[in-house]
Amino acid sequence: MKQAKKPKLLAGGNPQVAKAYGDAPVQAYIAAIPGWKRDVGRRLDGLIARAVPNVYKAVKWNSPFYGIEGNGWFLSFHCYTNYIKVAFFRGAALRPRPPGASKQKEVRYLDVRDEELDEAQFVDWVKQASKLPGERM
């Protein structure tokens with residue numbers, strides 16, 4: 001029996017996972033995240049799934065995406081060397097706004113480092129974001 005090949009790690013330790021839809025590719029992405037960021041990725045995914053029970057998942061451009069089927073994507077995250085960057089695609093409409101500015105007017109970011117996540121605020125943003133029109137990608 002052949003063992004599944006481990007995904008290649010790109011710059012910053014971001015896993016290279018083929019584009020695919022559903023929970024399984026997102027879980028494969030999370031399993032391939034190195035070190036402490038794997039636990040953070042697992043926490044983010046669990047918080048999103050509990051906050052938005054009907055969330056639709058995919059891996060695109062080597063990042064997990066979360067959305068509402070038929071309404072587009074509201075969030076994704078990407079691993080960097082020292083943090084995970086969460087992108088809220090309509091983050092400028094969230095209150096309070098996530099702290100990280102973007103070159104794109106509507107996008108806001110949250111950089112999550114080990115043990116640094118304010119879960120209550122994150123869940124509130126996820127719930128707000130899931131109710132806004134999503135990005136079509």
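Please give the length that would be gained between N82 and A20 if that part of the chain were fully extended, namely 0.36 nm times their separation in residues minus their C-alpha to C-alpha distance (nm, one decimal).
Fully extending the segment from N82 to A20 adds 19.7 nm.
Identify the trypsin sites (Lys or Arg not before Pro) of the stretch 4-40 meeting these criteria: DSSP loop state and at most 11 other C-beta atoms within 10 Å of the C-beta.
For trypsin sites (Lys or Arg not before Pro) across the stretch 4-40 that sit outside H, G, I, E and B with at most 11 neighbouring Cβ atoms in 10 Å, the list reads K5, K8, K19.
Please report the relative contact order for the stretch 70-137, taking Cα pairs under 8 Å with a sequence separation of at least 6, and give it as a percent rounded to a whole number. If you can, show how the numbers build up before the last one.
On the way: 110 pairs, mean separation 26.9, N = 68.
Computed value for the stretch 70-137: 40 percent relative contact order.
Quick one: 3J(HN,Hα) in Hz for the stretch 127-137, Karplus 6.51/-1.76/1.60 with θ = phi - 60°, rounded, Gly and Pro as x.
Whole-Hz 3J(HN,Hα) from phi for the stretch 127-137: 4, 4, 4, 5, 8, 8, x, x, 7, 9, 9.
Could you please report the charge total around D118, scoring K, R as +1 and D, E as -1 over all other residues with beta-carbon less than 13 angstrom from its beta-carbon?
Values: positive: R43, R113; negative: D111, E115, E116, E119, D124.
That sum, taken over residues with Cβ under 13 Å, equals -3.
For a quick size check, give me the Cα extents of the stretch 79-137 along its three principal axes, largest first, whole Å.
30, 25, 19
R38 to K103: FRET efficiency via 1/(1 + (r/R0)^6), r the Cβ-Cβ distance, R0 35 Å, to the nearest 0.05? List each step's numbers first, then the result.
Details: r = 29 Å, r/R0 = 0.83.
The computed FRET efficiency comes out at 0.75.
Between L75 and residues 5 or more places away or on another chain, which pairs have amide H atoms under 5 Å apart, with H built 1.01 Å from N, and which residues are they?
Answer set, sorted by chain and number: Y66, F89.
Based on DSSP H runs of at least 4 residues, each adding -39500 (n - 2.57), what is the mean residue ellipticity at 222 nm of the chain after dividing by all its residues, to the nearest 500 deg cm²/dmol?
-8500 deg cm²/dmol
Residue-wise, which Karplus ³J(HN,Hα) couplings in Hz belong to the stretch 16-32, taking 6.51 cos²θ - 1.76 cosθ + 1.60, θ = phi - 60°, and x for glycine or proline?
8, 10, 4, 4, 6, 10, x, 6, 4, x, 5, 5, 5, 4, 4, 4, 8
What are the ³J(HN,Hα) values, in whole Hz, obtained from phi via the Karplus relation 6.51 cos²θ - 1.76 cosθ + 1.60 with θ = phi - 60°, for each residue of the stretch 56-68 in sequence order, with x given for Gly and Pro?
With the stated coefficients, the stretch 56-68 comes to 9, 10, 7, 10, 9, 6, 6, 8, x, 10, 10, x, 10 Hz.
Given H placed 1.01 Å from N in the peptide plane, which residues other than close sequence neighbours of N62 have an amide H under 5 Å from its amide H?
V17
Probe of 1.4 angstrom, ligands and nucleic acids ignored: what's the accessible area per residue over the chain, in square angstrom?
56
Would you kindly state how much longer the chain becomes between K127 and R95 on full extension, computed as 0.36 nm times their sequence separation minus their alpha carbon distance, in nm to one decimal? Present the calculation step by step, with values, prior to reporting the outcome.
Working: separation 32, 0.36 × 32 = 11.52 nm, distance 1.12 nm.
Contour length minus the Cα-Cα distance gives 10.4 nm.
Please work out the Cα center distance from the stretch 55-90 to the stretch 105-127, rounded to the nearest Å.
The stretch 55-90 and the stretch 105-127 have Cα centres spaced 12 Å from each other.
Hey, can you grab everything whose amide H is under 5 Å from the amide H of A101? Only 5+ residues off in sequence or another chain; H modelled, so Pro and N-termini drop out.
Y109
The values are calculated or read from the model by the stated rules, or taken from the named source; none is laboratory data. No experiment lies behind these values; they were computed from the predicted model shown. Here the Cβ is made from the backbone with ideal geometry for all residues, glycine too, and neighbour counts use every protein chain on show. When the accessible area is computed, the model is the full protein with side chains, heavy atoms only, and any ligands, DNA or RNA have been set aside. Shrake-Rupley method; radii C 1.70, N 1.55, O 1.52, S 1.80 Å.
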